[in-house]
Structures are given as structure tokens and as C-alpha cells.
Amino acid sequence: MELDPARTELLIGFFETYLKLNQDEAHTLEAEFQNSNEMEANVMEIISSYRKEGRLEGRIEGKRDSIFTIFETKFDFSSQNLQEKLRTIDDLEVLEKLLKKIVVADSLQEAENVLESAMNKH
């Protein structure tokens, strides 16, 4: 990965103004920049991986929140125990199926049964 032109210009200006390098130091610095570009590519790959993981965690938390909101609004039911049960499910696909089934549940008992069933399969 390369620096954008503005950053490159800033670095060049800094080195020319504040650091007076001899030829050996200049070669060493150039080699370090090459190494840093390779490291930067690895770091960017790691950051990308963390971002994907973070997005997945956000989607999972969103599904949990949606399920909890349905229990609150549709069935006028809310409890710490329900939140704890939902936190044990960390599979996005399971949460998506659970959400769809709870939306169409006709009673609190049916919704709780759907949740218990999902927890047992999980």
C-alpha cells in the first residue's frame, strides 16, 4: 500500500527540513519504508478482518435487540432472564429464523416455546 500524494509530500518535506541524512541513512530509511509498506498491507488485512467480525457482531446484537423488542411490544413482556437467554445465541442464522418465528407467534407462550426450542438446538 502506498501513501497518498499529500502524505508523501508531507513526509518528504519533514525529512528535507528536519533530518539531514547521509547516503547510508537515506538507503536505510528507504529500506524501512519498503518494509513498512509490506507490514502496512498485513495490518490492513488484519483491520479488515476485525471490521468484518465487528459487523457480524453488530448484526447479531441487532437481531437480539429486535427479538427483545418484539417480546416487549407485541406481548408486553420484558425480563432480564429473556435478555440473558438471547445473549447465549450467537449464531446469526439461528437468530434470523428465531426472529421470523417470533414475529408470527400468536401468544407469549408460543414465542417462549420458539425461543426455548432455538436454545435447545443451539
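Out of segment 96-122, which residues are modelled with pLDDT under 95, touching a Ser or Thr at 6+ places or on another chain (Cβ under 8 Å) and in a helix (DSSP H, G or I)?
Once the filter is applied, which keeps residues that are modelled with pLDDT under 95, touching a Ser or Thr at 6+ places or on another chain (Cβ under 8 Å) and in a helix (DSSP H, G or I), segment 96-122 yields only Met119.
Taking the conditions exactly as written (touching a helix residue (DSSP H, G or I) at 6+ places or on another chain (Cβ under 6 Å) and surrounded by 14 or more Cβ atoms within 10 Å (Cβ to Cβ)), does Ser78 satisfy them or not? Don't jump to the end; show me each part of the working.
Values: touching a helix residue (DSSP H, G or I) at 6+ places or on another chain (Cβ under 6 Å): yes; surrounded by 14 or more Cβ atoms within 10 Å (Cβ to Cβ): no.
No; evaluated as a whole, the condition is false for this residue.
Looking at segment 90-113, can you tell me whether even one residue there is out of contact with any strand residue (DSSP E or B) (no Cβ under 6 Å at 6 or more places or on another chain), at positive phi, loosely packed, with under 12 Cβ neighbours inside 10 Å and not aliphatic (A, V, I, L, M)?
Start the filter on segment 90-113 by keeping residues that are out of contact with any strand residue (DSSP E or B) (no Cβ under 6 Å at 6 or more places or on another chain), which leaves 90-113.
Now narrow it down to the ones that are at positive phi: none.
There is no residue in segment 90-113 that is out of contact with any strand residue (DSSP E or B) (no Cβ under 6 Å at 6 or more places or on another chain), at positive phi, loosely packed, with under 12 Cβ neighbours inside 10 Å and not aliphatic (A, V, I, L, M).
The values are calculated or read from the model by the stated rules, or taken from the named source; none is laboratory data. For clarity, every value in this text was computed on a predicted model and none was experimentally measured. A quick note on method: Cβ atoms are made from the backbone with ideal geometry, for glycine too, and the neighbour counts reach across all protein chains shown.
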